[in-house]
1. Looking only at region 300-315, decide whether some residue is among the charged types (D, E, K, R), under 24 Å from LEU223 (Cβ atoms) and either more than 18 Å from the chain's Cα centre (by Cα) or not in a helix (DSSP H, G or I) (or both).
2. Assess whether LEU319 counts as being in contact (Cβ under 8 Å) with a residue 40 or more places away in the chain, more than 15 Å from ALA100 (Cα to Cα) and over 14 Å from the mean Cα position of the chain (by Cα).
3. Tell me, please, whether a residue that is within 25 Å of ILE263 (Cβ to Cβ) and either in contact with a Phe, Trp or Tyr (Cβ under 9 Å, 6 or more places away or on another chain) or among the basic types (Lys, Arg) (or both) can be found in region 169-191.
4. Determine whether ARG367 is surrounded by 21 or more Cβ atoms within 10 Å (Cβ to Cβ) and either assigned by TED's automatic domain parsing to the domain that holds GLN506 or over 30 Å from PHE103 (Cα atoms) (or both).
5. Here are some residues: GLY273, GLY295. Which one is part of a helix (DSSP H, G or I) and surrounded by fewer than 18 Cβ atoms within 10 Å (Cβ to Cβ)?
6. Take the residues of region 391-427 that are within 23 Å of ILE342 (Cα to Cα) and of a type in the set (Gly, Ala, Ser): which is surrounded by the most Cβ atoms within 10 Å (Cβ to Cβ)?
7. For region 206-241, which residues satisfy the criterion of being on the phi < 0 side of the Ramachandran plot and not in a helix (DSSP H, G or I)?
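The values are calculated or read from the model by the stated rules, or taken from the named source; none is laboratory data. Please read these numbers as outputs of a predicted model, since none were measured by experiment. For neighbour counting, all protein chains shown are included, and Cβ atoms are generated from backbone atoms with ideal geometry for every residue, glycine included.
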Amino acid sequence: MTIKHTQSSKEVECQDGSANAQPAPSPDQPERKVWQPKIWGGRIFRFNLHKFRFSEGFSIRRFSILEASVLLILAIIASKGLGVVRQSIFNAFFGTGPEANAFYAANRLPETLFNLISGGALVHAFIPVFLAYDREKGAQEAWRLSSLVFNVMLVALTVVVIVAEFLTPAFVDHILIPGYAASERELTTSLTRIMLFQPLILALGTIVTAVLNSKRQFLLPALSIAIYNIGIIGGLLATKVVPELGIYGPTYGVLVASALQVIVQIPALLKQGGRYTFAWNLRHPGLWQVIRLLGPNSLSIGVVYIALIVETRFTSLYLPDAASLSAIHNADMLQAVPFALISQTIGQALLPHLTVHATAGRFVRMRQMAAKVMGISILLTVPAAIGLGVIGLPLIRLLFQHGEFTVHSSHLTYLALLGYLVGIPGTTAGDMLSRGFFALKDAHTPLLTNTINLIARISMMILLLRFLPEEYVIISIPLAYALSSTIEAIVLFLLLWFRLKRYVKQDKGMVRLLRRRASLAGKV
C-alpha cells in the first residue's frame with residue numbers, strides 16, 4: 001500500500017485505523033512504499049490480527065465490526081463459561097426448589113426498572129446523540145452531555161427505587177407470584193428489596209458502556225460481561241462457607257457483580273479523556289434528544305419486561321409442577337447462548353457503524369452493511385438451534401444434574417428448551433433489525449412491534465395453556481415467546497426494508513450520481 005506524505009508534522013491514518021507518524025520526504029526524493037499488514041474483508045468485514053496484540057493502547061484500540069464481534073464473542077464465551085459454573089453451583093445448592101424460584105422471581109422488578117430507565121434503552125438512545133455532539137460540537141460538549149445524562153438518570157432511578165421498596169410486597173403478592181405459598185412470596189419480597197440496589201450501581205456502567213461503544217472501544221465492555229458472574233460465584237461460595245446465608249449469598253453477590261462490571265470499564269473511559277462534571281440543566285437540547293429517543297425505547301423494553309412478569313404470574317398460577325419457574329430460567333439461559341454469541345455481539349458492534357452512516361446520509365452504504373451483516377448473522381442461528389436441540393438433554397444432565405438438581409429437573413428444563421429453540425432465528429433477527437431503526441433515531445417503530453409481540457405472546461400463552469396436555473404444558477411459555485418473536489421479526493424486516501428503500505433516494509452519493517448521469521445524458 002502506497003501512502004503519499006504531504007504534511008511533515010501530521011499523522012497519516014492507515015487503513016486499519018491506526019496512526020503512524022511518518023516524516024515527509026523532500027520533493028526530490030522518490031515516493032516510498034510503506035509495508036502494511038494485509039487486512040482481510042474489505043470495508044465491512046475488515047479483520048486484522050495485529051489489532052489483537054497485547055501492546056500499549058490495547059484497551060482503547062478501535063475495532064471494525066468483525067474485529068469487535070470476535071472480541072465480544074470471546075468475552076461472551078468466557079461469560080457463558082463462568083455462567084455455567086455459576087449455574088451449576090447454584091443448581092447443586094438450590095435445585096429447582098422454592099428458594100431458587102424466589103431468587104429468579106425477585107430479579108424481575110429490579111431488571112425491569114433498570115432497563116426502563118438506564119439499561120439497554122439508554123444505550124440505544126445515547127449513542128446516536130453522543131456521536132452527533134462529538135462530531136458537530138466537539139469533545140467538551142459531548143463529555144458534558146454524558147455527565148448530564150448520568151446525573152439525571154441517577155436521580156430518576158433513586159426516586160423510582162425508593163418508591164419500589166415500599167410497593168414491593170403488594171407487587172409480589174398480587175401481581176408477580178400470587179399462586180405461590182405465603183412463605184415463598186415473603187422470601188421473594190425480601191430478595192427483591194435487596195436486588196433493587198442493583199439498578200443504582202449499574203446506572204454508571206450503562207453510560208460508560210455507551211460512550212465506549214460509540215468510540216468503538218469494545219475490550220473492557222466485553223470484559224465486564226465476563227466478570228459479572230464472578231461476583232455471583234463469590235456469593236455462592238460465601239453460602240458454602242456460611243450455610244446460614246442460604247439464598248442471600250448469591251443475592252448479595254448480584255450487587256458485588258454489578259459493582260465489578262462498572263469498575264472494570266473506568267480505565268478505558270479515563271484513557272479516552274472522559275471528564276465528569278456536575279452538570280444539571282433540564283433544558284439542555286442534547287438531554288431532550290436523548291429523552292425523546294429514550295421514551296419510546298424504555299416503553300419498548302418495558303413491554304418486553306411486562307411479558308416476563310406475565311410469564312412469571314402464569315407460571316405460578318397455571319403450571320402444575322412447582323419446579324417450572326426454575327426449569328424455564330435454566331432453559332432460557334441455555335437458549336440465550338447462541339443469541340448472545342450472534343445477535344448481541346454483532347449487533348453491539350454494528351450499531352455505531354450504522355449510526356455513523358445514517359448521520360452522514362450514506363443510506364446506500366447503511367443498507368449494504370445491514371443486509372450483509374444481519375443476513376449472515378441470522379443464517380448462523382439455524383444450525384445453532386438444531387445443534388442445541390440435539391445435544392440439549394445430555395448437556396443439561398452434564399452441566400446441571402448435581403446435588404438438588406434432579407432427573408426430573410433435567411427433563412422439565414429440556415422440554416422448556418425445545419420451546420425456546422423454535423424462536424432463536426426470529427429473536428436474533430428481531431434484535432438485529434431493531435438496531436437499524438435505532439441508528440435512524442427511530443425508537444417508535446420497535447415500540448410498535450414490541451407491543452404487537454406482547455399481544456401475540458399473551459394470546460398464544462393462553463391458547464397453548466388451554467390445549468397442551470399437562471405433561472407438556474411447560475412448553476407453552478417458551479413456545480409463545482418463540483412464535484411471537486418470529487412474527488415481530490417479519491414485521492420489522494418489512495418496515496426496515498421499505499424505509500431504507502425510500503431513504504436511498506436521499507443518499508448524498510446517489511443524488512450526485514443521478515445528477516452526473518442526467519448531465520451526461522443531456523450532453524449526448
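1. Within region 300-315 (the criterion being among the charged types (D, E, K, R), under 24 Å from LEU223 (Cβ atoms) and either more than 18 Å from the chain's Cα centre (by Cα) or not in a helix (DSSP H, G or I) (or both)), the answer is no, since none of the residues qualifies.
2. yes
3. Yes, there is a match, as at least one residue in region 169-191 is within 25 Å of ILE263 (Cβ to Cβ) and either in contact with a Phe, Trp or Tyr (Cβ under 9 Å, 6 or more places away or on another chain) or among the basic types (Lys, Arg) (or both).
4. Answer is yes for this residue.
5. Going through GLY273, GLY295 in turn, just one is part of a helix (DSSP H, G or I) and surrounded by fewer than 18 Cβ atoms within 10 Å (Cβ to Cβ): GLY295.
6. The selected residue is GLY423.
7. Result: LYS215, GLN217, PHE218.
To keep it simple, each residue is scored yes or no on (1) under 23 Å from the mean Cα position of the chain (by Cα); (2) part of a helix (DSSP H, G or I); (3) under 21 Å from SER316 (Cα atoms).
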{"position": "ASP173", "(1), (2), (3)": "no, yes, yes"}
{"position": "TYR180", "(1), (2), (3)": "no, no, yes"}
{"position": "GLU186", "(1), (2), (3)": "no, yes, yes"}
{"position": "LEU204", "(1), (2), (3)": "yes, yes, no"}
